[in-house]
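S.K.: Before I ask anything, let me first share the structure, which is written out below as structure tokens.
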Amino acid sequence: MPLVAGVDSSTQSCKVVIRDAETGALHRQGTARHAPGTEVDPETWWRALLEAAAAAGGLDDVAAVAVSGQQHGMVCLDADGAVVRDALLWNDTRSAVAARQLIEDAGPDGAAYWAETTGTVPVASITAAKLKWLAENEPENAARTAAVCLPHDWLSWRLAGHGPGSGGLAALRTDRSDASGTGYWSPATGQYLPGVLDATLGHVPALPVVLGPLEPGLQTPAGTVIGPGTGDNAGAALGVGATVGDVVVSVGTSGTVFAVTEDPTADVTGLVAGFADATGNFLPLAATLNASRVLDATAGVLGVDLPALTELALAAEPGAGGLSLVPYFEGERTPNLPEAQASLHGMTLANYTPANLARAAFEGVACSLADAFRAVTGLGIEARRVILVGGGARSAAMQQTLSSVLGMPVDVPEPGEYVADGAARQAAAVLSGAWPEWKTQDSLTVSAPAAPQVLERYRAAAQRMHGSAS
């Protein structure tokens, strides 16, 4: 049977999986690291994709490939197809002021206007805010920008043989899930919003054609079909087989909580972004900036690795002896406090122990995700099942603390490359014209005793931070 490839180009790395198009069986895989930082030369992504593909045995024998990439990243191209400047990633917060200005420029009901028009109230992460920052701070680069695309769009374009000096801007392609995170495309209407681009970049550049869920995109020079691709969260939803009624909680570099719904959403508070998904449904999502790196940092402070951090946390009682960590180490998006800092509350000589500090780190991340969960379900969305994924999901401490603060069981699929798998599933669907019925991964259901007092104490501490950081 044909083979298909799925690519996950995330913030930290590129991963490639090669799977059987009919059964989904894994044949081989490879990975490569990405350069650190929130401002990155896209060429490093391309080199990482080539390295990961080579580690996976190459793409010569695959019939189709699809790329899933980190959302929002601003990739600007000139008329010849060269990158104008390093890409600004989703977690680059220099565009926070520009995002606030976009809301104010829309009038007294600016937040409602953006929510109803694009599904998303501007925050620093979205591409439109980054374009406004570019126009105001680097006008020469803004003027040179002939096309704007996203990381997954650009990589698909490179796979098709385009690149610096080739022109080929008309060949740019994207999908509705990634387009919905730009701030200049409407998930409800499926149309670009040229007025937003005029108000941000100062002109309307060439934009990728938005493909349907099963619409073939381009082809590689060797004739391999390139699927529409996806944003990373939509890719993860495909990879874990999420359907309407499921809420996925992801603990990676960022934390995300998203639901699969049949109808678009519009949250005027700005906490929930009304994205589209990769199947024709919608993906309302709340994101946090601080997730697995909080655990990495805490492990570093305590001089242990992550498995040992989990053991320490599980040795402490729920509530960490009264410690509450508000984990806004890199600012925060939910709530929207880009300049906020982290804080540790409730310290005494009795509770300031390695075990309690480890527990507080997991509970802080879990409580932050619980607030994002509340924002999503507060739109009237019923959570029939919670699926926990991401690198942080492999920790038993993360599984238990999230179940306890949500007060409901969580399903934890077997560890896997969910985003890359979702991209591979899309590639298989483009080949056959229908979504394949691949065997879903076995999952562990974790149900810990509810701990509302942990969440209440966290929210009280976080509220004090909201006041000082707003």
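S.K.: What's the number of the condition residue 230 fails, among (1) buried (at least 24 other Cβ atoms within 10 Å of the Cβ); (2) touching a Phe, Trp or Tyr at 6+ places or on another chain (Cβ under 9 Å); (3) of a type in the set (S, T, N, Q)?
M.R.: Going through the list (1) buried (at least 24 other Cβ atoms within 10 Å of the Cβ); (2) touching a Phe, Trp or Tyr at 6+ places or on another chain (Cβ under 9 Å); (3) of a type in the set (S, T, N, Q), residue 230 breaks only (2).
S.K.: Looking at 299, 342, 313, 276, can you tell me which residue is at pLDDT 95 or above, of a type outside the set (Val, Ile, Thr) and surrounded by fewer than 19 Cβ atoms within 10 Å (Cβ to Cβ)?
M.R.: Sole residue among the options that is at pLDDT 95 or above, of a type outside the set (Val, Ile, Thr) and surrounded by fewer than 19 Cβ atoms within 10 Å (Cβ to Cβ): 342.
Results for (1) over 17 Å from residue 187 (Cα atoms); (2) over 17 Å from the mean Cα position of the chain (by Cα); (3) part of a loop (DSSP other than H, G, I, E, B); (4) without any contact (Cβ under 8 Å) to a residue 60 or more places away in the chain, shown as yes or no for each residue.
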position: 248; (1), (2), (3), (4): yes, no, no, no
position: 263; (1), (2), (3), (4): no, yes, yes, yes
position: 269; (1), (2), (3), (4): yes, yes, yes, no
position: 285; (1), (2), (3), (4): no, no, no, no
position: 310; (1), (2), (3), (4): yes, yes, no, no
position: 313; (1), (2), (3), (4): yes, yes, no, no
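S.K.: Among the listed residues 21, 35, identify the single one that is at negative phi and either at pLDDT 95 or above or of a type outside the set (Gly, Ala, Ser) (or both).
M.R.: Numbers: 35 fails: either at pLDDT 95 or above or of a type outside the set (Gly, Ala, Ser) (or both).
The unique qualifying residue is 21.
S.K.: Quick check: is even one residue across the stretch 41-55 hydrophobic (A, V, I, L, M, F, W, C), open to solvent by 40 Å² or more (accessible area, probe 1.4 Å) and either in contact with a Cys (Cβ under 7 Å, 6 or more places away or on another chain) or modelled with pLDDT under 95 (or both)?
M.R.: no
S.K.: Would the stretch 346-353 turn up any residue that is open to solvent by 10 Å² or more (accessible area, probe 1.4 Å), free of Cβ contacts under 8 Å to residues at least 24 places away in the same chain, hydrophobic (A, V, I, L, M, F, W, C) and within 26 Å of residue 321 (Cβ to Cβ)?
M.R.: yes
S.K.: Okay, moving on. Of all the helices (runs of 4 or more DSSP H) wholly in the stretch 62-178, which have at least 3 residues that are of a type outside the set (Gly, Ala, Ser) and touching a strand residue (DSSP E or B) at 6+ places or on another chain (Cβ under 8 Å)?
M.R.: Result: 127-137, 151-159.
The values are calculated or read from the model by the stated rules, or taken from the named source; none is laboratory data. What you see is a predicted model; the values in this text were computed from it and never measured. Virtual Cβ from ideal backbone geometry, glycine too; neighbours counted across all protein chains shown. Only protein heavy atoms, including side chains, enter the accessible area calculation; ligands, DNA and RNA are left aside. Shrake-Rupley method; radii C 1.70, N 1.55, O 1.52, S 1.80 Å.
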